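Coordinate-derived values only; no laboratory data. Just so we're clear, the structure is a prediction, and the values are computed from it rather than from any experiment. Note: ideal-geometry Cβ built from the backbone for every residue, glycine included; neighbour counts use all protein chains shown.
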Amino acid sequence: MAPFGASCVLLFAVSQSPLAQPRNVILGHLISAFCGLLFLKLFGHDVITIALAVGIAIIAMQYFRAVHPPAGANPLVILLTADKIDYDFTFLLFPVLSGSVILVAIAYLVNNLFNKTHWPVYWLALFKENEK
């Protein structure tokens, strides 16, 4: 998944950003990929569907307080490659969920072994105030 490359930039270069926290990375990718798959299955893939899928993915990430900008590209990737790849909803587990969890695990190790700051700043946005 190409958007994982941009996720790595956030996770390793600006790990203290709210956009680079585990909740945002994992849920952002899941929500966005789900929107892409849902729009693909319901409406096929054309320019309007792609635009709507990306827009709805952004709204959903905002609603669930899990905005992760690289994940916004998931519907694009899914809908633009739909004629070459036969997507089904298991795509949410492999590679989306498994990949984002692995990225977060590696970021946890790298950011805590080699940086002076503690990462993540918070695991769940719901508990952000309690952990400070």
> Pick from segment 9-25 the residues that are more than 15 Å from Gly72 (Cβ to Cβ) and within 11 Å of the chain's Cα centre (by Cα): which of them is surrounded by the most Cβ atoms within 10 Å (Cβ to Cβ)?
Replying inline: Gln21
> Within segment 39-55, can you find the residues that are part of a helix (DSSP H, G or I) and surrounded by fewer than 18 Cβ atoms within 10 Å (Cβ to Cβ)?
Replying inline: Lys41, Leu42, Phe43, Val47, Ile48, Ala51, Leu52, Gly55
>> What pairs come out if I take residues in segment 71-89 that are touching a residue at least 12 places away in the same chain (Cβ under 8 Å) and of a type in the set (S, T, N, Q) and pair them with residues that are outside any loop (DSSP other than H, G, I, E, B) and buried (at least 16 other Cβ atoms within 10 Å of the Cβ) whose C-beta lies under 6 Å away, six or more apart or interchain?
In response: Asn74/Pro3; Asn74/Ser32; Asn74/Ala33; Asn74/Gly36
>> Checking Ser100 against (1) of a type in the set (Ser, Thr, Tyr); (2) touching a residue at least 40 places away in the same chain (Cβ under 8 Å); (3) over 19 Å from Ser7 (Cβ atoms), only one condition comes out false. Which one?
In response: (3)
> Under the condition of being assigned to a helix (DSSP H, G or I) and small (Gly, Ala, Ser), which residue from segment 81-112 is nearest to the chain's Cα centre (by Cα)?
Replying inline: Ser100
> Which one of these does Gln16 not meet: (1) in a helix (DSSP H, G or I); (2) in contact (Cβ under 8 Å) with a residue 40 or more places away in the chain?
Replying inline: (1)
>> Being touching a residue at least 12 places away in the same chain (Cβ under 8 Å), crowded, with 21+ Cβ neighbours inside 10 Å, among the small types (Gly, Ala, Ser) and closer than 14 Å to Trp123 by Cα is true for just one of Gly28, Gly36. Which residue is that?
In response: Gly28
